[in-house]
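The values are calculated or read from the model by the stated rules, or taken from the named source; none is laboratory data. If you're wondering where the values come from, they're calculated on a predicted model, not measured in any experiment. Note that we place each Cβ from the backbone using ideal geometry, even for glycine, and neighbour counts take in every protein chain shown. Surface areas here come from the heavy atoms of the whole protein model, side chains and all, with no ligands, DNA or RNA. Shrake-Rupley method; radii C 1.70, N 1.55, O 1.52, S 1.80 Å.
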Amino acid sequence: MSIEERVRQQMELITSGTVEVIPEEEMRRKVGTSLSTGRPLTVKLGVDPTRPDLHIGHSVPLTKLRHFQQLGHQVVLIIGDFTALIGDPSYQDVTRPVLTEKEVERNARTYIEQAERVIDTTRARVVRNSQWLSPLNFKEILVIASRFTVARVLERDDFSNRYSEGKPIGLHEFLYPVMQAYDSVVIEADIEIGGTDQKFNLLAGRNLQRAMGKEPQCVLTLPLLEGTDGVRKMSKSLENDVGLTDPPDEMFGKLMSIPDGIIWEYFRLVSRVEPVEIEQLKARVESGEANPRDAKERLAVEIVGMYHGPGEAERAAAEFRRVFSMRELPERIKTVEIPRSRFSDGGMWVVDLVVYLGFVSSNGEARRLIAQGGLTIEGEKVEDADLELAAQQVDGKVVRKGKKTFARVELV
RNA sequence: GGGGGAGUGCCCGAGUGGUUAAAGGGGGCGGACUGUAAAUCCGUUGGCGAAGCCUACGUAGGUUCAAAUCCUACCUCCCCCA
């Protein structure tokens, strides 16, 4: 096969699912040079260990890294343990809270573990940017920083919005893109990938490399995954995320709760279902032949399968049908032990029971729950908030709050 | 260094002496409906075994029969000028 043909093949996989490749021609040239010299390209992805968990949104760039691995290139995962101390100001409307080094380190470790679910970390270089950022002295920092201008940084919407709204911008936040750019200089990245929100930071790397006499990297941006609310970008802090370590049932439920409108985006970005098949499925739903619920179920099975295996995915699907479609009891219900002593004088007050089970955090909330008909014991609705329960009325019985919270009581 | 402005419940935000546990929205919780934990609609959303009583509007004092609202000091933040 000719070099040109192989370049074309590689580019097809590389550019699939991307938003922008900047500049595309240069990327093609790099791939060509790599193929003809046998030298793999260095592909960089930087992640900030500001949070202890990765969610399926993070798997979008990780999946792209895996594509590069498949093509034989060298992947570098940069754990931004140093940059995390500042926090990326991209698309933030407030200064991020400062993390302690200990928190960052703990997050960094879980990041690596979780990245292993998507890429082959044995073949990837995993490095921490504190390695080279931490030893820099003030003079060196000034030399690097002088390659950037305030006007340039202020062009960014996130900064200019905050600025015009009178919100504070820490001086250190200006240095964030500078540091990320310097990472590219140090590891001599050929390509850096990131979400579209990273475009400025990614291009900063390209500019700094050029300014410092290195070959500038190409930049590849990927779409941001919307959260399960279908409105905002997926983020743990917005609580609209699907965590990579979420248990199967929870992961499944969260995926079933996404609005219909973003089903296809999820399929494209975080599942392994082939594009052709996605299009067919979409067409069937749009023609009314198939139900969106079924498409969503398919999606949930795929994704849960990726992280927990197909067996667990099927189990979670069956469980979901049972609990939410059929309104039956789940297969596994957590058991809560209650000492018999709580029943000593006559019985246990329902309100106490609900609080004890951890269903609510106050008596008032328990009363409200009962008043609104959201509490059942062994399938029977509790109508009276003053109800006293005898031991045999609850022992071994299933208490249910709303649709999705269950506990089996066991007296000890 | 000078001048001005702001701090309200989980979040945003209204309220400038009394019917204010505090409008409205978001989020949460519950219910109805369904195709699902979508969408939509409705209810609810400080604590106390619920009577009444506590606690709450940056912090501490004060004025008043009565304070989120007025006064004083302090803390924190922001803006403008230099």
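Assuming R0 = 35 Å, what is the FRET efficiency of A:His172 and A:Glu365, from their Cβ-Cβ distance, to the nearest 0.05?
Working: r = 42 Å, r/R0 = 1.20.
Efficiency, rounded to the nearest 0.05: 0.25.
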Margin query: Under 20 Å between alpha carbons, and skipping anything fewer than 8 positions from A:Lys214 in its own chain: which aspartates and glutamates qualify?
Written below: A:Glu24, A:Glu25, A:Glu26, A:Glu140, A:Asp183, A:Glu188, A:Asp190, A:Glu192
Notebook entry, point to check: Residues with beta-carbon under 11 Å from that of A:Val409, excluding A:Val409: net charge, scoring Lys, Arg +1 and Asp, Glu -1?
Noted result: 0
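So for region A:3-222, averaging the separation of alpha carbon pairs under 8 Å that are six or more residues apart and normalising by length, what relative contact order in percent results? Write down the numbers at each step before the final one.
Working: 342 pairs, mean separation 57.2, N = 220.
Normalised by residue count, the contact order of region A:3-222 is 26 percent.
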Notebook entry, point to check: Modelled label-to-label distance, A:Glu314 and A:Met1, 7 Å Cα→beta-carbon offset: nm?
Noted result: 3.5 nm
Next item on the list: Return the whole-Å distance between the Cα centroid of region A:249-280 and the Cα centroid of region A:342-357.
Entry: 44 Å
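Expressed in nm to one decimal, what extension gain is obtained for the pair A:Lys236 and A:Lys102 from 0.36 nm per residue of sequence separation less their Cα-Cα distance?
On the way: separation 134, 0.36 × 134 = 48.24 nm, distance 1.98 nm.
Answer, rounded to one decimal: 46.3 nm.
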Notebook entry, point to check: So what are the ³J(HN,Hα) numbers for region A:206-217, from phi and the Karplus equation (6.51, -1.76, 1.60; θ = phi - 60°), rounded to whole Hz, Gly and Pro as x?
Noted result: 4, 5, 5, 4, 4, 5, 9, x, 9, 6, x, 6
Check: Angle, helix A:59-70 long axis vs. longest principal axis of chain A, Cα atoms, 0 to 90°, nearest 10?
Finding: 50 degrees
Check: Of the listed peptides A:25-36, A:2-13, what is their order by residue-averaged count of other C-beta atoms within 10 Å, with the highest listed first?
Finding: A:25-36, A:2-13
Checklist line | Residues in region A:363-381 that a label on A:Val355 would reach, taking backbone N under 16 Å of a point 7 Å out along Cα→Cβ | finding: A:363-371
Item checked: For peptides A:176-184, A:328-336, A:369-377, sequence by mean Cβ density within 10 Å, most packed first -> A:176-184, A:369-377, A:328-336
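Run the numbers for A:Arg268 and A:Ile22: contour at 0.36 nm per residue of separation, minus the present Cα-Cα distance, in nm.
Difference between extended and current length: 86.4 nm.
List the relative contact order of chain A as a percent without decimals, with contacts defined as Cα pairs under 8 Å and 6+ residues apart.
Working: 631 pairs, mean separation 54.8, N = 412.
Relative CO of chain A lands at 13 percent.
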Note to self: For A:Lys401, give me every one of the lysines with a C-alpha distance below 22 angstrom, ignoring sequence neighbours fewer than eight places off in its own chain.
What the structure shows: A:Lys254, A:Lys334, A:Lys381
Item checked: Charge dipole (chain A, unit charges on Cβ, about Cα centre) - positive-most of A:Ala124, A:Ser16, A:Ser257 -> A:Ala124
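What dipole magnitude, in Debye to the nearest 20, does chain A give about its Cα centre under +1 on Lys/Arg Cβ and -1 on Asp/Glu Cβ? Walk me through the numbers on the way to the answer.
Numbers: 56 positive and 64 negative charges, 165 e Å.
Once rounded to the nearest 20, the dipole reads 800 debye.
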Notebook entry, point to check: Which whole-Hz couplings ³J(HN,Hα) result when phi for each residue of region A:360-371 is put into the Karplus expression 6.51 cos²θ - 1.76 cosθ + 1.60, θ = phi - 60°, listed in order with x for Gly and Pro?
Noted result: 9, 9, 8, 4, x, 5, 5, 4, 4, 4, 5, 4
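Report, to one decimal in Å, the Kirkwood hydrodynamic radius for chain A based on all distinct Cα pairs. All intermediate terms of the calculation are to be shown ahead of the outcome.
Numbers: mean 1/r = 0.0407 Å⁻¹.
Its Kirkwood hydrodynamic radius stands at 24.6 Å.
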Next item on the list: Kindly identify region A:255-412 as rounded, prolate or oblate by the Cα gyration tensor criterion: order the square roots of the eigenvalues as a ≥ b ≥ c, call it rounded if a/c is under 1.5, otherwise compare a/b with b/c, prolate if a/b is larger, else oblate.
Entry: prolate
Margin query: Can you show me the helix-derived [θ] at 222 nm for chain A, built from DSSP H runs with n ≥ 4 at -39,500 (n - 2.57) apiece and divided by the number of residues, rounded to the nearest 500.
Written below: -13500 deg cm²/dmol
Check: Which value, in Å² and to the nearest 10, is the accessible area of A:Glu312 when all protein chains are kept and the probe is 1.4 Å?
Finding: 70 Å²
Next item on the list: Name the residue farthest towards the positive end of the dipole of region A:3-222 from the options A:His172, A:Gln69, A:Ala115, assuming +1 on Cβ of Lys and Arg, -1 on Cβ of Asp and Glu, about the Cα centre.
Entry: A:Gln69
Notebook entry, point to check: Taking the Cα atoms only, what angle lies between the long axis of helix A:292-308 and the longest principal axis of chain A, rounded to 10 degrees?
Noted result: 70 degrees
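Would you work out if region A:3-222 is rounded, prolate or oblate? Take a ≥ b ≥ c from the square roots of the eigenvalues of the alpha-carbon gyration tensor; rounded if a/c is under 1.5, else prolate when a/b is larger than b/c, oblate otherwise.
Values: a/c = 1.69, a/b = 1.39, b/c = 1.21.
Taking the square roots of the gyration eigenvalues as a ≥ b ≥ c, region A:3-222 is prolate.
Given a 1.4 angstrom probe, I'd like the percentage of the accessible area of chain A that is carbon and sulfur, rounded to a whole number. Please report the intermediate quantities before stating the final value.
On the way: 10200 of 20350 Å².
With neighbouring chains kept in place, the figure for chain A is 50 percent.
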Next item on the list: Rounded to the nearest 10 degrees, what's the angle between the helix A:101-115 long axis and the longest principal axis of chain A, both from Cα atoms, 0 to 90?
Entry: 90 degrees
Next item on the list: Return one whole number: the accessible area per residue of chain A in Å², for a 1.4 Å probe.
Entry: 49 Å²
Checklist line | Relative contact order for region A:234-364, counting Cα pairs under 8 Å that sit 6 or more residues apart, in percent | finding: 21 percent
